[in-house]
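Data first, discussion second: the structure below is written as structure tokens.
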Amino acid sequence: MAGEWTRLDRVNGEMPLRIAVPALLLAIGLYHPAAAGIDASGRAELLAAQNGYRAAVGVPPLRWSDSLAATAQGWADHLGAIGRLEHSGPGQNLAMATSGTQSLAQLVALWGRERVYFRDGSFPSISTTGNWADAGHYSQIVWRDTTTVGCGFARRDGRDVLVCDYAPPGNVMGEQPY
């Protein structure tokens with residue numbers, strides 16, 4: 001594939017979003033040895049990014065969960081190894097980008113951008129497009145009943161992978177996000 005790419009998982013299996021830029025950037029970032037984990041500043045960045053969206057709609061902030069983070073880290077490592085995004089279960093947001101091109105907050109912003117398609121309704125009627133997956137990552141971030149998050153990050157073979165697991169999971173059939 002020529003060019004830099006960014007992928008945003010589509011929960012329902014739709015084609016991921018791809019953004020192309022000069023091939024030189026991909027060549028520069030093509031190989032990185034495996035690197036993983038989120039340090040204290042990364043945790044703070046991830047919480048601040050997600051809690052900003054929650055504050056905007058008046059729901060309480062998320063708290064960090066080390067146990068969710070451990071599970072998310074294992075899944076991020078797995079996804080980095082296989083080179084594609086797939087969910088391990090409900091209550092999970094996934095993002096992938098060319099290594100080093102996006103901060104953790106920028107990866108969260110990929111999910112937050114879905115708010116332009118969001119409408120407050122009972123799940124799955126939460127999207128102005130008629131397809132809940134177009135707003136599903138955003139709705140998981142702002143889901144009122146979700147109280148904790150833990151995230152994992154992996155860098156492998158020119159890819160950065162972010163996995164965030166949420167509890168209790170959002171996007172529950174027949175319930176409203178907030």
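Tabulated results
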{"quantity": "Region 133-150 residues that are closer than 16 Å to Pro61 by Cβ, paired with ones that are charged (D, E, K, R) and crowded, with 24+ Cβ neighbours inside 10 Å (beta carbon under 8 Å, 6 or more apart)", "calculated": "Val149/Asp165; Gly150/Asp165"}
{"quantity": "Helices (runs of 4 or more DSSP H) completely within region 15-100 that count 2 or more residues being modelled with pLDDT under 95", "calculated": "23-29"}
{"quantity": "Residues located in region 135-178, provided they are closer than 23 Å to Ala55 by Cβ and of a type in the set (Asp, Glu)", "calculated": "Asp145, Asp165, Glu175"}
{"quantity": "Pairs where the first residue, in region 69-82, is within 12 Å of Cys151 (Cβ to Cβ) and the second is open to solvent by 40 Å² or more (accessible area, probe 1.4 Å) and among the basic types (Lys, Arg), C-beta under 9 Å, 6+ apart", "calculated": "Ala69/Arg43"}
{"quantity": "Hits in region 103-135 - residues which are polar (S, T, N, Q) and either buried (at least 19 other Cβ atoms within 10 Å of the Cβ) or in a strand (DSSP E or B) (or both)", "calculated": "Ser127"}
{"quantity": "Residues located in region 139-166, provided they are open to solvent by less than 10 Å² (accessible area, probe 1.4 Å) and not in a strand (DSSP E or B)", "calculated": "Ser139, Gln140, Ile141, Val142, Trp143, Thr146, Gly158"}
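The values are calculated or read from the model by the stated rules, or taken from the named source; none is laboratory data. Quick caveat: nothing in here was measured; it's all calculated off a predicted structure. All Cβ positions, even for glycine, are placed from backbone atoms using ideal geometry, and neighbour counts span all protein chains on display. What goes into the accessible areas is simple: the full protein's heavy atoms, side chains included, and nothing from ligands, DNA or RNA. Shrake-Rupley method; radii C 1.70, N 1.55, O 1.52, S 1.80 Å.
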